[in-house]
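What follows is a set of notes on a single structure, which appears directly below.
The values are calculated or read from the model by the stated rules, or taken from the named source; none is laboratory data. Treat the numbers as computed from the prediction; the structure is a model and nothing was measured. Every residue, glycine as well, gets a Cβ built from its backbone with ideal geometry; the counts of neighbours run over all protein chains shown. Side chains included, ligands, DNA and RNA excluded: accessible areas come from the protein's heavy atoms. Shrake-Rupley method; radii C 1.70, N 1.55, O 1.52, S 1.80 Å.
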Amino acid sequence: MSAFVERRKGRRVSVPGRPGGRVRATLDARLLDLGSTGARIEHHNLLRLGFTCTLELPATLGALVLPVRVVRSAVVGTDRGSAGDQLLRYESGVTFLELTAAQRATLERVLDRLASGEALGSGRLVL
């Protein structure tokens, strides 16, 4: 039997009672469509139904940060990653949660611009 070798460089202690916390991560996504109540996005990581997070639209779409809940998600295909690995491509529907009046007004302006066919350029969408 081999001896356990500690690899941590810093101190760590057990936490009694296992209190809850949050882990926040960034997920790159592509916006497929946008509406007044939600959006459809495409991405490469699993999003579980009911998951709540924020959808951050790029500056070209008003730089909105909108609270959302995942209402559907399914694998729709595969892509090749930069290292040649195969990635599952998901499509998810998200619904907006309790938008402020200012968020709704900005979202409506963005929808009007999109509906008019205005070119908005590119930008990074994160979830």
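Observations
- For region 40-81, the gyration tensor built on C-alpha atoms gives an oblate shape. Its axis ratio a/c (a ≥ b ≥ c) is at least 1.5, and a/b is not larger than b/c.
- Surface per residue (accessible, 1.4 Å probe) for the chain, Å²: 72
- Per-residue [θ]222 nm for the chain (sum of -39500 (n - 2.57) over DSSP H runs n ≥ 4, rounded to 500): -4000 deg cm²/dmol
- Charge tally around residue 32: other residues with Cβ under 12 Å, Lys/Arg +1 each, Asp/Glu -1 each, net 0.
- Label selected from [x] 33, 31, 28; [y] 60, 28, 24; [z] 70, 39, 26, the criterion being Cα extents along the principal axes in Å as computed here: [z]
- Against the chain, whose longest principal axis is taken from its Cα atoms, helix 101-115 shows a tilt of about 60°.
- Contact order relative to length of the chain, as percent, for alpha carbon pairs under 8 angstrom and 6 or more apart: 28
- Annotation: amide H-H contacts under 5 Å for residue 64 (H modelled 1.01 Å from N, sequence separation of 5 or more, or interchain): 57.
- The share of accessible area on region 3-59 that comes from carbon and sulfur is 50 percent, using a 1.4 angstrom probe.
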